[in-house]
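The values are calculated or read from the model by the stated rules, or taken from the named source; none is laboratory data. These figures come from a predicted structure and were not determined experimentally. Glycine also receives a Cβ, built like all others from the backbone with ideal geometry; neighbour counts cover every protein chain displayed.
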Amino acid sequence: MKVLTWQGKRDVRVEDVPDPRIEEPTDAIGRGPDAVIDAVGMEAHGAPLGKVAQTAAGLLPDKLARTMTDKAGVDRLVVLHAALKSVRRGGTVSISGVYGGEQDPMPLMEMFDRGIQLRMGQCHVRRWVDEITPLLAGDDDPLGVEDLRTHRMPLEQAPQAYEMFQKKQDGCVNVVLAP
């Protein structure tokens, strides 16, 4: 299976998905990619109402914010919805981006009709380490992970790297920590 990567280009609008950069490599069979990965989660751009709700919750006292998020939380779902629209019928959408909303609307009828599989979880890495490590250790990068890296830092700087990522400083999207 060919691995396609489509990085978060700022010039692409939500209404452009599925877009030719996704459809062209699979156009010969006319079906779209077998799998799509949402690695963004609730911090996606392009959802002004979701951003307002998240910002408002951040202004509440911690105890009240936790309760509100647990009972009425919403996420910015533009990337997830784009992933669902991009994958082929019977394809798989994997979610590694973090979502926390309890009231998020999902297009369940479309998902059911198209037989889309959802895979998600909080980093069940141990299950896959032995299979993925050889692919990541080589120089050829068959999974395209180097394309996702914006920064490389020594392991000792992990706290600073996380802060830079969290605050979206210096264009930080993904940091590779080198031992």
> Are any residues in segment 91-122 crowded, with 17+ Cβ neighbours inside 10 Å and part of a loop (DSSP other than H, G, I, E, B), and if so, which ones?
Replying inline: Gly91, Gly97, Tyr99, Gly101, Ile116
> Of the numbered conditions (1) over 20 Å from the mean Cα position of the chain (by Cα); (2) part of a helix (DSSP H, G or I); (3) modelled with pLDDT of 85 or more; (4) not basic (Lys, Arg), Thr133 satisfies every one except a single condition; which is it?
Replying inline: (3)
> Filtering segment 128-177 down to residues that are under 20 Å from Ala35 (Cβ atoms) and of a type in the set (A, V, I, L, M), which residue is surrounded by the fewest Cβ atoms within 10 Å (Cβ to Cβ)?
Replying inline: Val129
>> Please determine whether any residue of segment 162-173 is in the same structural domain as Asp70 (by TED's automatic domain parsing), assigned to a helix (DSSP H, G or I) and of a type in the set (Ser, Thr, Tyr).
In response: no
> Which members of segment 63-90 meet the condition of being free of Cβ contacts under 8 Å to residues at least 60 places away in the same chain and part of a loop (DSSP other than H, G, I, E, B)?
Replying inline: Gly73, Val74, Asp75, Arg76, Leu77, Val87, Arg89, Gly90
>> Looking at segment 95-116 only, could you name the residues that are touching a Gly at 6+ places or on another chain (Cβ under 9 Å) and modelled with pLDDT of 90 or more?
In response: Arg114, Gly115, Ile116
> Quick one: would you say Leu143 is in contact with a Leu (Cβ under 7 Å, 6 or more places away or on another chain) and modelled with pLDDT under 80?
Replying inline: yes
> Of (1) in contact with a Pro (Cβ under 6 Å, 6 or more places away or on another chain); (2) without any contact (Cβ under 8 Å) to a residue 12 or more places away in the chain, Thr55 satisfies all except one. Which?
Replying inline: (1)
> Is there a residue being more than 20 Å from the chain's Cα centre (by Cα) and either over 19 Å from Ala178 (Cα atoms) or surrounded by 12 or more Cβ atoms within 10 Å (Cβ to Cβ) (or both) anywhere in segment 74-83?
Replying inline: no
